[in-house]
Amino acid sequence: MMDKIETPDLSHISSSDYENVYEPAEDSFLMLDALESEIPYIKAIKPTICLEIGSGSGIVLTGLAKCLGSGCAYFSVDINSHAAQVTRKTASRNCVSLEVVNCDLVGPFLSRIQNEIDVLVFNPPYVPTDESEIDPKSPIALSWAGGLRGRKVMDRLFPLIPQIMSPNGTFYLLIVKENDEDDIFKVMKSYKWHGSVIMERKAGREYLKVLKFKHVQM
Amino acid sequence: MKLLTHNILTSKCLKGVTVGYPLGIVAKEVKVNEVEFNPEFISRMIQKVDWPALCKAAENLGHLDNLPPAVVDDYENNEDFLKKAHHFLMEIEVINGDLICPETGRKFPVTDGIPNMLANEDEV
């Protein structure tokens, strides 16, 4: 009953907002569905800190926060300042309390949240692109352009996982087939983090997957 | 930006910064909201909070009165203490202002409640 994630109200977001902020699409909804299926698991680890990297419109973190309630602190980071503002409005619109920081990955938090994040959610820029394709001044391109194999941004986060995640913490990552999940599993395994595919969906030409990672004691 | 968030932000990602914590606050607009009190959650958060940094932040905002100077023993069962911690961590929000790196003086603006911690290419 309380384990359903309601899709947040996004009616406050205008089409001109969506020129600068990623408009929720199949990937966003797959992440919401995957997290919904994980609610009993997440509730059982009794999270104190949830963080979403690249919240965009704020749809995922708002949905998760609304479902889990006030027993947890919710943080959103986004490199795109338009997205940061929209996330804040989405939270407010849906009567959810979450904190937003405009920054690159978790840099400003790193030294203070050592082994403190209980739930980490990341729908990264995953589209394989040529370096030359990405206009660094375009905020919207930052949300989808993933460089070689679409791995440019997520590869920067992986080495930080053992530093920021709590012992029972869980990391949810959305990818497409081109990102090479076997290689991602191998990289994370080297940090003693075990991954599995918890949900997948074909959306147009994209084969989307949500991966779940947990620390494995050796 | 709530003081809870300020408590976990650093400027350490900047070149030449050793600790970068706590960030100074110069606030132009501060809001005090009413937020649902969850004593169990606050109890858990207190374990992660740097209390001296919280005091400094409250002082920067001119809101220091009433904030206990240190975490008391057996705080988990002290509702008065938990309520005060809740008020300072969760109910005081910097809407507009600047965060200041304690080592370089570099300002990070806070706009509409959101701190901008982005560094320029030459700063990292």
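Sorted largest first, the principal axis extents computed over the alpha-carbon atoms of region A:1-110 equal 39, 32, 24 Å. Each residue of region A:102-115 was assigned a 3J(HN,Hα) from its phi angle through the Karplus curve 6.51 cos²θ - 1.76 cosθ + 1.60 (θ = phi - 60°); the sequence is 8, 7, 9, 6, 10, x, x, 9, 3, 6, 9, 10, 4, 6 Hz, with glycine and proline shown as x.
For A:Ala203, the residues 5 or more places off, or on other chains, whose built amide H falls under 5 Å of its own are A:Leu208. Couplings 3J(HN,Hα) of region B:25-35, computed from phi: 10, 10, 9, 9, 9, 10, 10, 10, 10, 9, 10 Hz, in residue order, whole Hz [Karplus 6.51 cos²θ - 1.76 cosθ + 1.60, θ = phi - 60°; x for Gly and Pro]. Database remark: amide H of A:Leu10 closer than 5 angstrom to no amide H (H placed geometrically; neighbours at sequence offset of 5 or more, or on other chains; Pro and chain starts carry no H). In terms of other Cβ atoms within 10 Å, B:Asp74, A:Asp17 run from fewest to most in the order B:Asp74, A:Asp17.
Summing charges over neighbours of B:Asn7, with a neighbour being any other residue whose Cβ is under 12 Å away from its Cβ, gives +1 when K and R count +1 and D and E count -1. Scalar couplings 3J(HN,Hα) for region A:35-48, obtained by applying the Karplus form with A = 6.51, B = -1.76, C = 1.60 to θ = phi - 60°, are 5, 4, 5, 9, 4, x, 5, 5, 4, 5, 7, 6, x, 9 Hz; x denotes Gly and Pro. Here the Kirkwood formula, the inverse mean of 1/r across different C-alpha pairs, assigns chain A a hydrodynamic radius of 17.3 Å. Around A:Val77, with a cut-off of 11 angstrom between Cβ atoms, what is the net charge of the other residues, counting Lys and Arg +1 and Asp and Glu -1? Residues near A:Val77 contribute -4 overall. Projecting label points 7 angstrom from Cα along Cα→Cβ for B:Glu29 and B:Val124 puts them 2.9 nm apart. Here, region B:3-115 yields an orientationally averaged convex hull projection of 7.0 nm² when only Cα atoms define the hull.
Between A:Phe75 and A:Cys50, A:Leu51, A:Glu52, A:Glu99, the built amide H atoms are under 5 Å apart, and every one of these is 5 or more places off in sequence or on another chain.
With a 10 Å cut-off around each Cβ of B:35-41, the average count of Cβ atoms from other chains is 3.
The residues packed around A:Ile198, meaning those with a beta-carbon under 13 Å from its beta-carbon, carry a net charge of -1 if Lys and Arg are +1 and Asp and Glu are -1. Of the residues A:Ala83, A:Trp144, A:Gln217, the one whose Cα sits farthest towards the positive end of the charge dipole of chain A is A:Gln217 (charges of +1 on Lys and Arg Cβ, -1 on Asp and Glu Cβ, taken about the Cα centre).
Only the coordinates and a few stated rules stand behind these numbers; no lab work does. All figures in this text were calculated on a predicted structure; none of them were measured in a lab. Neighbour counts run over all protein chains shown; Cβ positions are idealised from the backbone, glycine included.
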